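The values are calculated or read from the model by the stated rules, or taken from the named source; none is laboratory data. Everything quoted here is computed from the prediction, not taken from an experiment. Counting neighbours? That spans all protein chains shown, and the Cβs are built from the backbone with ideal geometry, glycine included. Accessible surface areas use protein heavy atoms only, side chains included; no ligands, DNA or RNA. Shrake-Rupley method; radii C 1.70, N 1.55, O 1.52, S 1.80 Å.
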Amino acid sequence: MQRYVLTALSIGVGAAVVVVIAIALGAFSSLSVWLEALYGSRGLLGAGPVSRFVWLEMLVVLVVSMGLAWCVIDVSQMAQKILVFGCVALLVSGLSPTMALYDILFEPFSTLAGGLLAAAGGFVFSGTERGMRKRVLQDVLGLRVSHETFSQLLAAPDPPDFEGAVRDVTVLTCRIFNHAELREKLESAELMKMSNLFLRSVSTFLTSRGAYLDESGPELVRVYFGMLSPSGDHTDQACRAALELRSRLKTLSQECETRWFQPLHYGIGINSGPMTVGVYGSREHYYFSGVGAETDYSRRLAHANFRYGSDLLIGPKAYQLIQSAFEVRPMEMFYDPEADLMTEIYQLLATKGSFLEDDRARRDLFWQGIIYLREKRFEEALDHFSRSRVPGNDDGPLDFFLSQAQEGVASPDDGKSSRAEELTEGGHARLINFM
């Protein structure tokens, strides 16, 4: 944006200097004489002496030239550029006879010449890649990014690549679980207000953290980090934003419970991976987005929070990228028979620096309990899970795995629990389609 302002100022001042030199050389003197005679014959000028302020004309030339240059450069639509120029020309033309009523001769031709030169310079600049970038960004991105991100893309030395590229991206999905329940308990207008509050709060916050808003619906918000330009820390940005979003959503849920007597049940899912990003759609309906398996995986991770009673899960690829900077604890392993791949998902807890030693000790007990559970050493798992609990605190994932350990202690040999059809033959991993 600063470069646009400097360019507009340079064009406007340059046009004004040319016109001021022309005024000093008397290029508009004959027009001034003709205009004074015209106003006198029409009775606009009085019988007394006529005043003319050349310095005022020069000042108006400068103001109009800079203003028109800025408007032509900053306004995106061609029709709006022409409309602005026409309105300024009409205003300047009307200013001259108005001042003549007060016996002041104001010559408008120099001002119109300066405005025309400035507008021409603005149109030339608008035809370059730099000049067209704002219109392209507005057409492709719209309001899906924050003002700060838009300004950074506008001022970047290289133009954004919308032609299609494979780029490592982090997908963050936030969704509401109890929307069907809310629909039964709230009036339509109240449900709409509650949904809009959720969408506005989540999307505004995430875009302010540099994310690109890909989808925003009544039950789901999905954003991409690292999609607009290559970035080596997109997963780190997404995880830090998600941790802060988690606390904001808790406050938002309390607000909803106060206003509508209904809390929000929500979940966040994050995963990273390569995606093909670019502009998709037809000439009339197009949008910037990405295609890849990580989008669906993130959505399923967000929904998996409902199963575990958690609120923030990350996938295996995201974990590999942030494990040195964040604290996590494991949930379950999943097997994809098509890819013949075993993966694990994790609950994101906190950044390394904010994790206390007591929290780390309880997390390690939980982690060891998960290992015992997978090895079917149910009594040891039950003991570790019990010791990892914080008295008085609700812990959905801990309750989930405690119930599994208790079920294993109750029926250690038959292997016919209620989860048997969802597990692989080894019994320690869940099939991917049951996420």
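A few notes on this one:
- Accessible area of TYR372 (1.4 Å probe, protein heavy atoms only, ligands and nucleic acids ignored): about 40 Å².
- For MET333, nonlocal amide neighbours, meaning residues 5 or more places apart or on other chains whose placed amide H falls under 5 Å from its own, are ARG430.
- Relative contact order, percent, the chain [alpha-carbon distance under 8 Å, six or more residues apart]: 11 percent
- Cα radius of gyration and Dmax for segment 159-260 (Å): 15.6, 50
- For the chain, the longest principal axis of the Cα atoms and the long axis of helix 293-308 meet at an angle of about 50 degrees.
- Cα-based shape type of segment 223-288, given that a ≥ b ≥ c are square roots of the gyration tensor eigenvalues and the cut on a/c is 1.5: oblate
- Cα Rg over Rh - segment 357-402, Kirkwood: 0.95
- Diffusion coefficient (Stokes-Einstein, Kirkwood radius over C-alpha pairs, 25 °C, 0.890 mPa s) for segment 1-56: 175 µm²/s, rounded to a whole number.
- In this structure the chain gives 50 Å² per residue of accessible area when probed at 1.4 Å with all protein chains present.
- Neighbour net charge for LEU137 - beta-carbon separation under 15 angstrom, K R +1, D E -1: -1
- Prolate/oblate/rounded call for segment 333-391, Cα gyration tensor, a/c under 1.5 rounded: oblate
- Helix 396-410 and the long axis of the chain differ in direction by around 20°, with both axes built from C-alpha atoms.
- Counted over all Cα-Cα pairs of segment 260-322, pairs farther apart than 20 Å make up 45 percent.
- Residue-count net charge about ARG167 - beta-carbon cut-off 13 Å; Lys, Arg +1, Asp, Glu -1: -4
- Solvent-free Debye scattering, log10 I(q)/I(0), computed from the Cα coordinates of segment 123-202 at q = 0.17, 0.19 Å⁻¹: -0.83, -0.92
- Under 5 Å, built H, 5+ apart or other chain: amide partners of GLU327: LEU349, ALA350, THR351, LYS352
- Rounded to whole Hz, the Karplus (6.51, -1.76, 1.60) HN-Hα couplings of segment 215-232, x for glycine and proline: 9, 9, x, x, 10, 8, 10, 10, 10, 10, 10, x, 8, 6, 7, x, 8, x
- Kirkwood Rh in Å, taken over segment 184-333 so that all alpha-carbon pairs contribute: 16.6 Å
- Unit charges on C-beta of K, R, D, E only; dipole of segment 194-353, Debye: 520 debye
- Prolate/oblate/rounded label for segment 1-160 (Cα gyration tensor, a/c 1.5): prolate
- Placing a pseudo-label 7 Å from each Cα along the Cα-to-Cβ vector at THR128 and GLU215 gives an inter-label distance of 4.1 nm.
- Accessible-area composition of segment 132-222, carbon plus sulfur, in percent [1.4 Å probe]: 50 percent
- Isotropic mean projected area of the C-alpha convex hull, the chain (nm²): 30.6 nm²
- Cα-based helix-to-principal-axis angle, 29-41 vs the chain, degrees rounded to 10: 80 degrees
- Unit charges at the beta carbon, dipole of the chain: most positive-side option, PRO397, VAL88, VAL291: VAL88
- Length added when fully stretched, ALA155-SER403, from 0.36 nm per residue minus Cα-Cα: 83.8 nm
- With all protein chains in place and a 1.4 Å probe, the accessible surface of segment 257-310 carries 56 percent carbon and sulfur.
- Label-reachable residues, segment 220-246, where backbone N falls under 12 Å from a point 7 Å from SER354's Cα toward its Cβ: 239-246
- Per the Debye formula on identical point scatterers at the alpha carbon atoms of segment 95-160, with no solvent, log10 I(q)/I(0) at q = 0.14, 0.15, 0.18 Å⁻¹ is -0.61, -0.64, -0.73.
- Semi-axes of the equivalent ellipsoid for segment 131-172, Cα gyration tensor, largest first, Å: 18, 14, 11
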